[in-house]
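The values are calculated or read from the model by the stated rules, or taken from the named source; none is laboratory data. Because the structure is a prediction, the values reported are computed rather than measured. For neighbour counting, all protein chains shown are included, and Cβ atoms are generated from backbone atoms with ideal geometry for every residue, glycine included. The area values use the complete protein model at the heavy-atom level, side chains included, leaving out ligands, DNA and RNA. Shrake-Rupley method; radii C 1.70, N 1.55, O 1.52, S 1.80 Å.
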Amino acid sequence: MKKLAVLLLTALILPFASLANDAAMCDENSDCITVGRWDLGIALGYGVKSNPVKNYEDIPIYLAPTIAYYGDKWFFDNGNLGYTLAEQEKFTINLTTSFSADSAYFYRWDPSNIFIAGTNQLNVGATPVARTVRTFGVEAEPVINDLEDRNFTLLGGVEAFIYTRAGIINLSVAHDLFDVHSGMEAKLKWLYSIAIAQWKFELAAVADWKSEDVVNYYYGVRPSENVYWSEKFQAASATNLGLELTTQYVINEHWELIFLARYSELADEIVASPLVNEKNTSTFFVGAAYRF
Amino acid sequence: MLLTTYRLLLAVFVLISFFNSALAADNDSEASITLSPQFCITSAEEQSCDLTVVLNWEIDTPTTVCIMSDHESLTKWCADSPTTHSLSLAMLTDKDVQFVMVDKETHQTLAGVKLKVTPTAEPQVRRRYRNPWSLF
């Protein structure tokens, strides 16, 4: 039902977006970057990234960096390395790396959590729960032993940006580069940016598809964690749906205020995992940023 | 006889050299022309130069000159007398302008100077594919 609401919201917003100017041009409505110059910045404030993994704490956010460097073809942008194959007025095609957000829920120093303070390690003080027993057909809440590592990996693939009057459509397909889970991810994202005086707004609706290998690696249960659930839970490919809002208020050349909100509704295939006890994840952050 | 012929040829050679030198000295432009300003840098918004240039020239012999250029607003201008030694010109241009000073009588080129028009070196920009705060 919530997924339907997300789609409906997107459908409602699109007609208004079609009135906007072409966001692809390098003007005040679209973010462009100087070639050959590092773009560095740091944001300080407060926010929280919720953690849907059972017994793992939410992740407080106090500061976060932005790091980017664009050459004529190559670019590095907040951890992603890319090479532009085609850059046209109406579209862009890049080879690019990316990293999955899923490993961040399990590992404090995941690149997704870089500079984010706090811990998301297993909450040892969590209320004990009964071991899984199947008695007269009744399932008790499972006990999961300490989780094995869910390692970080880089994905590599191709992405396309299509620039329309209704915003930017971003399509990407990527595969695990280091054979950590040997899975694939694909993304369909719609972005719409607008600048009003000193305000910049970017709204995005995203559908994130993860292959069965990805879901099984991060949300599947290993025999050492729980023998019963390792057999009971059968992973399947999944699609998360999300909305993102990034708001910037530019004070001057260096300082800006930022407000970010991210909401993602987890796919049923992931929510079905005994490791997960939330149906959605969210992130918000309010703070001030300094751009060097 | 051979010696006489040799001396005669040598004398002719010296005479020819002398007259050549004299002619060359006469033709050598002891003339110079200067331009102010010599450079104009255009901005990104105004991609042409709207300016007034001043040409000044010096010639060792009194000569009435004409100034010619490859700019459409000044194809040819001639001084009224040899005592004129400068010219002020208002012009609008988006490219280099070459000025040539010639002798009004003989049309011999005496000197030249060029106004250089250079666009501002704008930093190259390209689309950024990630929101700056996409790490959140």
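Given the structure, is A:Thr283 within 29 Å of A:Ala64 (Cβ to Cβ), within 14 Å of chain B (Cβ to nearest Cβ) and β-branched (Val, Ile, Thr)?
yes
Does A:Val250 satisfy the criteria of being within 12 Å of chain B (Cβ to nearest Cβ) and under 22 Å from A:Glu159 (Cα atoms)? In short, no.
Among residues of segment A:65-111 being part of a loop (DSSP other than H, G, I, E, B), more than 7 Å from chain B (Cβ to nearest Cβ) and among the polar types (S, T, N, Q), the one that is most open to solvent (accessible area, probe 1.4 Å) is A:Gln88.
Only helices (runs of 4 or more DSSP H) whose full extent lies in segment A:185-292 are considered here, and the ones with at least 3 residues that are open to solvent by less than 20 Å² (accessible area, probe 1.4 Å) are A:212-219.
Matching residues to (1) at pLDDT below 80; (2) closer than 21 Å to A:Pro223 by Cα; (3) out of contact with any Lys or Arg (no Cβ under 6 Å at 6 or more places or on another chain):
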| position | (1), (2), (3) |
| --- | --- |
| A:Pro128 | yes, yes, yes |
| A:Arg131 | yes, yes, yes |
| A:Arg134 | yes, yes, yes |
| A:Val143 | yes, yes, no |
| A:Gly156 | no, no, yes |
| A:Phe161 | no, no, yes |
| A:Gly167 | no, no, yes |
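Restricting attention to segment B:51-101, the residues that are over 25 Å from B:Cys40 (Cα atoms), surrounded by 16 or more Cβ atoms within 10 Å (Cβ to Cβ) and either without any contact (Cβ under 8 Å) to a residue 40 or more places away in the chain or basic (Lys, Arg) (or both) add up to 1.
With respect to being touching a Gly at 6+ places or on another chain (Cβ under 8 Å) and at pLDDT below 90, A:Ser224 falls outside the description.
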